[in-house]
Amino acid sequence: MTTSAWRLVEDPQPHPQTPASPRRSGSVSRRMLVMAAVLLLTLVGAGGLAAADSAAVALPERPDGCDRPDRSIKLYAVELPRDGNLIRLGYGLTPETASYPGPTMEMTEGECLSITLYNQVPVATLEQLRTNPLHPLGVSLHVHGVKYTQLSDGTAQSSSYVPPGQSRTYTWYAAKRNKATGSPGTAGYWWYHDHVVGGPHGTQGLGAGLFGGLVVRRSGDPKPDRTYVTVFGDQQSINLRRGAATDTCDETNPQPGPTCLIARKGEKVEFIVVGIGNDMHTFHVHGHSWADTRTGRLPTQGDVDSVQIIDNKTLGPGDSFGVQVTAGDSVGPGHWMVHCHMQFHSDAGMSTMLHVLDENGNMPPGHDHAHAGAAARGAGNAAPNAAPANGAAQPASGGQQATHQHR
C-alpha cells in the first residue's frame, strides 16, 4: 500500500499535442502529495495499513519452479462405514475406492502435481468431530516433504481447506536437488493428511483415517514391484487396526491392500512407514533387512561397506521413511512378522504379516490370523477420533477391512 500511495505524487504525463504548464503541474503534484500523506496517516491511525498491505499482496498459486502442473488428479474425502462407534473417513481417487490409508501418491523430482480435493463428508459427521463450535467445517490436504505455497498448505489459518460439498485444487512441486544452491531436493518417503477436521491441527481427521503415503523418486532410484503403506499410531495400531484386524489375507485368494501384505518370492517390496499420534514405535520385519539409506537399498557407487544394514528402525510421530526389501531373499516363502518392537505394543496387537508367496503365487503353509497373541485376538481396530474430555482413551472396537488396494 505504501508503494501505491507514493505513486499518486508522480506528475501526470503531458498530452503529446499540448505542452504541460509547469505551474499547473507543480500545483497538481503538491495536491496529490497532500492527498497521499492524508491517506497514509489515516491508514496508520486506523490500523488499516497492515490490512491494506495484506490485501495488496497476491499470494502465488504455485511454488517457484512449477510453471504449470505436469499432471492433474482428483481426490475425494468421504465417510466410510463406522468401526463400531468410531467414525472412519478416507481419501480415494474415486469415492468408491476411498480407504485408510488413502491412495499412495508417487512423484519424480522436477514434477508438478495438481490435486483437486472434493469434500463429500457429511456436515453432520464433521460437526460431530469438531472440538470447538467456532472452528470451520471442512477437510484439507496437507503434505510433507514437497514444495507448496500457502494456498496449498491445507490449514484453517490460511483458509486453504475445503468446506462441505465443495472442492479445492492443491499444487505440489517435487523440487530437484541443486548442488549449486545447496537445495537438498525432495526425493524421499513422505505422507499427506488432513489438517482441519475437528480442530486447527486435524487431530480428529488423522484419527478417523485421512492420511496416505507419498514417495518422490530421483532419476536412477530402484523401482519396487509392490508398495505398501504402514502407519503406526496410538493404541498400538497399524493403519488404525490392531490384532487380527491388521491381517485379513484370504488364504486361497489373497488380495494386496492395507490389511493384506503379500509378495512373491524375489519381488522388490517397498514400505512407506509413517508415524502418527503421540507414541514412539519401532518398525521391524522378520527375516528381512535393508540398507539404512534414503531408498532402503545399497547405492551403486561409493563405499557401500560404510552403509549400515538394519532390520529395525525407530519411528516417532510425524516421521516417515522408506524401506525396500527382496521378498524371501535367502529365507524363502513364509509368513514374516511386521511389528513394533516395543514389547507391550506388539503384545497389545501392533503386529501384522508380510506373506511371501512361492514363485507360482501360492500361499505357503502355516498361515495364522491369530499371530498377534491371545491378548489381542478380536481386539479389532484402534485409534479413536478424539479423546473424551477426561483424557481417557476410548476402547477399540470391531474390525473393518478397507477396500483400497495398493499396487
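Output the residues belonging to region 144-161 that are part of a loop (DSSP other than H, G, I, E, B), among the polar types (S, T, N, Q) and either closer than 17 Å to Gly212 by Cβ or touching a residue at least 60 places away in the same chain (Cβ under 8 Å) (or both).
Answer for region 144-161, where residues must be part of a loop (DSSP other than H, G, I, E, B), among the polar types (S, T, N, Q) and either closer than 17 Å to Gly212 by Cβ or touching a residue at least 60 places away in the same chain (Cβ under 8 Å) (or both): just Thr149.
Inside region 111-137, can you point out the residues that are surrounded by 14 or more Cβ atoms within 10 Å (Cβ to Cβ), of a type in the set (A, V, I, L, M, F, W, C) and assigned to a loop (DSSP other than H, G, I, E, B)?
Listed by number, the residues that qualify are Val121, Leu137.
Checking Ala174 against (1) of a type in the set (A, V, I, L, M); (2) farther than 27 Å from Arg294 by Cβ; (3) surrounded by 14 or more Cβ atoms within 10 Å (Cβ to Cβ), which test does it fail?
(2)
Might you let me know whether region 292-308 holds any residue that is surrounded by 21 or more Cβ atoms within 10 Å (Cβ to Cβ), under 30 Å from Arg177 (Cβ atoms) and not β-branched (Val, Ile, Thr)?
Yes, region 292-308 contains at least one residue that is surrounded by 21 or more Cβ atoms within 10 Å (Cβ to Cβ), under 30 Å from Arg177 (Cβ atoms) and not β-branched (Val, Ile, Thr).
Of all residues in region 231-279, which are open to solvent by less than 10 Å² (accessible area, probe 1.4 Å) and of a type in the set (D, E, K, R)?
Listed by number, the residues that qualify are Arg241, Asp247, Glu270.
Kindly indicate whether Thr108 is open to solvent by 20 Å² or more (accessible area, probe 1.4 Å), of a type in the set (Val, Ile, Thr), under 19 Å from Thr293 (Cα atoms) and out of contact with any Asp or Glu (no Cβ under 8 Å at 6 or more places or on another chain).
Taking the combined requirement at face value, the residue satisfies it.
So Asp319 ticks every box in (1) in contact with a Leu (Cβ under 9 Å, 6 or more places away or on another chain); (2) at pLDDT 95 or above; (3) open to solvent by 50 Å² or more (accessible area, probe 1.4 Å); (4) closer than 30 Å to Thr186 by Cβ but one. Which box is left unticked?
Only one criterion in (1) in contact with a Leu (Cβ under 9 Å, 6 or more places away or on another chain); (2) at pLDDT 95 or above; (3) open to solvent by 50 Å² or more (accessible area, probe 1.4 Å); (4) closer than 30 Å to Thr186 by Cβ is unmet by Asp319, namely (1).
Listed here are the residues, each with its yes/no results for (1) without any contact (Cβ under 8 Å) to a residue 12 or more places away in the chain; (2) surrounded by 18 or more Cβ atoms within 10 Å (Cβ to Cβ); (3) among the hydroxyl-bearing types (Ser, Thr, Tyr).
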position: Gly287; (1), (2), (3): no, yes, no
position: Val338; (1), (2), (3): no, yes, no
position: Gln343; (1), (2), (3): yes, no, no
position: His367; (1), (2), (3): no, no, no
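Kindly indicate whether Gly199 is small (Gly, Ala, Ser), within 19 Å of the chain's Cα centre (by Cα) and not in a loop (DSSP other than H, G, I, E, B).
When the stated conditions are applied, Gly199 does not pass them.
With respect to Ser140, determine if the residue is free of Cβ contacts under 8 Å to residues at least 24 places away in the same chain, crowded, with 23+ Cβ neighbours inside 10 Å, farther than 30 Å from Asp292 by Cβ and of a type in the set (Gly, Ala, Ser).
Spelling it out, it is not the case that Ser140 is free of Cβ contacts under 8 Å to residues at least 24 places away in the same chain, crowded, with 23+ Cβ neighbours inside 10 Å, farther than 30 Å from Asp292 by Cβ and of a type in the set (Gly, Ala, Ser).
Residues of region 202-224 being touching a His at 6+ places or on another chain (Cβ under 8 Å) and in a helix (DSSP H, G or I), which ones?
Gly205, Leu206, listed by residue number.
Leu89 passes all but one of (1) out of contact with any helix residue (DSSP H, G or I) (no Cβ under 7 Å at 6 or more places or on another chain); (2) open to solvent by less than 30 Å² (accessible area, probe 1.4 Å); which number fails?
Here Leu89 meets the rest and fails (1).
If you check Leu206, Leu210, which single one turns out to be within 23 Å of Thr116 (Cβ to Cβ) and touching a Phe, Trp or Tyr at 6+ places or on another chain (Cβ under 7 Å)?
Just a single option satisfies the conditions, and that option is Leu210.
Given the options Val331, Val325, Val307, name the one that is more than 24 Å from Pro365 (Cβ to Cβ) and of a type in the set (A, V, I, L, M).
Val307
The values are calculated or read from the model by the stated rules, or taken from the named source; none is laboratory data. Every value quoted in this text rests on a predicted model; they were computed, and no experiment measured them. Cβ coordinates were reconstructed from backbone atoms using ideal geometry, including for glycine residues, and neighbour counts include every protein chain displayed. When the accessible area is computed, the model is the full protein with side chains, heavy atoms only, and any ligands, DNA or RNA have been set aside. Shrake-Rupley method; radii C 1.70, N 1.55, O 1.52, S 1.80 Å.
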